[in-house]
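Here's the structure we're looking at; comments come further down.
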Amino acid sequence: MNRFIKIQDSIFVEKCIVCGSRPVIQQAPGGKFIVRCKANADHYKTQPGLIDIDAWNKHNRKPDNGSDNIRHLKRG
Ligand SMILES: [Zn+2]
């Protein structure tokens, strides 16, 4: 069973650090949710429970903090 819930575009999520896919939410047994890579759950998935986008973001954020500022400048 592979029914994914799309994460709204208005919600900021990091892309998968392995393949660059936007993550999706997968329903787990017991009314729980997993945030996982859309392409391959082996890349990363959160523990089943509440929708833990923070945990996903923390894992998939690139360690280079400096590029964050640059990204903001380029966006404008
Ligand atoms: Zn991936």
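Quick notes on this one:
- A Cβ distance below 8 Å, combined with a sequence gap of six or more or placement on separate chains, defines the contacts here; from segment 33-45, residues that are of a type in the set (Ser, Thr, Tyr) reach residues that are surrounded by 20 or more Cβ atoms within 10 Å (Cβ to Cβ) and assigned to a loop (DSSP other than H, G, I, E, B) in the pairs 44/16.
- Residue list for segment 46-56, filter: over 8 Å from the mean Cα position of the chain (by Cα) and either among the β-branched types (Val, Ile, Thr) or within 10 Å of the ligand (Cβ to nearest atom) (or both): 46, 51
- Any chance residue 15 is within 8 Å of the chain's Cα centre (by Cα) and part of a loop (DSSP other than H, G, I, E, B): yes
- Taking the criterion of being part of a helix (DSSP H, G or I) and either among the charged types (D, E, K, R) or at pLDDT below 95 (or both), the residues of segment 25-76 that qualify are 54, 58, 66, 67, 68, 69, 70, 71, 72, 73, 74, 75.
- Taken over segment 1-53, the criterion of being within 22 Å of residue 63 (Cβ to Cβ) and aromatic (Phe, Trp, Tyr) is satisfied by 12, 44.
The values are calculated or read from the model by the stated rules, or taken from the named source; none is laboratory data. Quantities reported herein were computed from a predicted structural model and do not represent experimental measurements. Positions of Cβ are generated from backbone atoms using ideal geometry, with glycine treated the same way; all protein chains shown enter the neighbour counts.
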